[in-house]
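Peer 1: One structure coming up, written as structure tokens, with questions to follow.
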Amino acid sequence: MHPLLTDLLSLLELERIEDSIFRGQSRDIGSKRVFGGQVVGQALSAASYTVEDREPHSLHAYFLRPGDVDAPIVYEVDRARDGRSFSNRRVVAIQYARPIFNMAASFQKREQGLEHQAQMPQVPGPDELKDLRELTGERASTIPEKIRNFLTRERPFEMRPVEGVDLLSASPREAVRHLWLKTVDRLPDNPDVHRNLLAYVSDYQLLGTATLPHGIHWEHGNVQMASLDHAMWFHRPFRIDEWLLYSMVSTNAGGARGLASGQFFTAAGELVASTAQEGLIRIWKQSR
């Protein structure tokens, strides 16, 4: 398996300290704080360790404080309820004796029921598109070094944006973004692994969709963005080592906050998961 993917899997496999207390480490992905998707993925992993014969179908989380990438994160799981069909878990992530994140997750025994879903957007397939690193590399000489290093660094995911990459233009456009993604190597068949990794990557580019109608980019250096909350729903089985289309749209921005939602589709058009996020978006008059 690719070393970066092996490292990411180990990052999401937490150390059990006590029956319902776990410890995780962090990785610096080029930002000043812990990547929000990492905390979501680790918290879901912690909750899943305390549930048997049930699968997560939803999670709702709040980011309370920035995480320190140089310190471990402790996850405390409250086994709130185990019913006949559903289990509920509350997870608190702690650093330096203070909560930085909390999450509620619900698990359900597999059942059959009504079936319908949204239609997959009509967009070019991944074979027709270039990887994010390749697109960024084509414009490397025009991008500041710090931003270039962040965007071109090797990742455990292949990412092929449908709309391409436009880091220099300030032209407003529709608050819609599509991204094909999958892991760079084959994964074990364990469904928890695939769900945890999808939770991890679901935080990528989602909030930024809310900036598109305003012609701004966090890369410009005068934008402060931070996730405030994150919700996710798992609908159908999937594999994240096979192409998934991440379809994102922002329906509102106001009060220095932006709201965006996303849907994950398989290449065959099955809707497998949905997500939503609100985040802080502040614009400074001058670059800092």
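Peer 1: Convex hull volume of the Cα atoms in segment 1-57, per residue, in Å³? Mind showing how you got there, number by number?
Peer 2: Values: hull volume 6.0 nm³, N = 57.
Output value, Cα hull per residue: 104 Å³.
Peer 1: Going Cα to Cα from residue 109, which aspartates and glutamates come in below 12 Å? Please leave out same-chain ones fewer than 8 positions away.
Peer 2: 52, 53, 55, 82
Peer 1: Then there's this: In whole Å, what is the distance between the alpha-carbon centres of segment 99-121 and segment 193-265?
Peer 2: Cα centroid to Cα centroid, the span is 17 Å.
Peer 1: Against the longest principal axis of the chain, how steep is helix 3-12, in degrees 0 to 90 to the nearest 10, with axes from Cα atoms?
Peer 2: Result, in degrees: 50.
Peer 1: Report, to the nearest 10°, how far helix 36-49 tilts away from the longest principal axis of the Cα atoms in the chain, using its own Cα long axis and a range of 0 to 90°.
Peer 2: Helix 36-49 and the main axis of the chain meet at about 10 degrees.
Peer 1: Determine, for each peptide in 239-247, 157-165, the mean count of other beta carbons within 10 angstrom over its residues, then list the peptides with the highest first.
Peer 2: 239-247, 157-165
Peer 1: So for the chain, averaging the separation of alpha carbon pairs under 8 Å that are six or more residues apart and normalising by length, what relative contact order in percent results? Before the final figure, lay out the partial values.
Peer 2: Details: 607 pairs, mean separation 50.2, N = 288.
Worked out over the chain, it gives 17 percent.
Peer 1: If I take every Cα pair under 8 Å that is 6 or more residues apart in segment 1-110, average their sequence separation and divide by the length, what percent do I get for the relative contact order?
Peer 2: 27 percent
Peer 1: If you don't mind, another one. If I fit a long axis through the Cα atoms of helix 191-201 and take the longest principal axis of the Cα atoms of the chain, what angle between them do I get, 0 to 90°, rounded to 10?
Peer 2: For 191-201 against the chain, the angle is about 30 degrees.
Peer 1: How much of the calculated P(r) for segment 71-115 lies past 11 Å, in percent of all Cα pairs?
Peer 2: So the portion of pairs separated by more than 11 Å is 69 percent.
Peer 1: Run lengths n ≥ 4 of DSSP H only: what is the helix-derived mean residue ellipticity at 222 nm for the chain, with -39500 (n - 2.57) per run over all residues, to the nearest 500?
Peer 2: So the calculated ellipticity at 222 nm is -5000 deg cm²/dmol.
Peer 1: Compute the convex hull volume of the Cα atoms of segment 1-110, divide it by the residue count, and report the result per residue in Å³ as a whole number.
Peer 2: 108 Å³
Peer 1: On to the next question. With Cβ to Cβ distances under 12 Å as the rule, what net charge do the other residues near residue 194 carry (K, R +1; D, E -1)?
Peer 2: With Lys, Arg at +1 and Asp, Glu at -1, the net is 0.
A short reminder: the numbers here are calculations on the coordinates, not readings from a lab. Values in this document were obtained by computation on a predicted structure and should not be read as measured data. In this analysis, Cβ positions are derived from the backbone assuming ideal geometry, glycine residues included, and neighbour counts consider all displayed protein chains.
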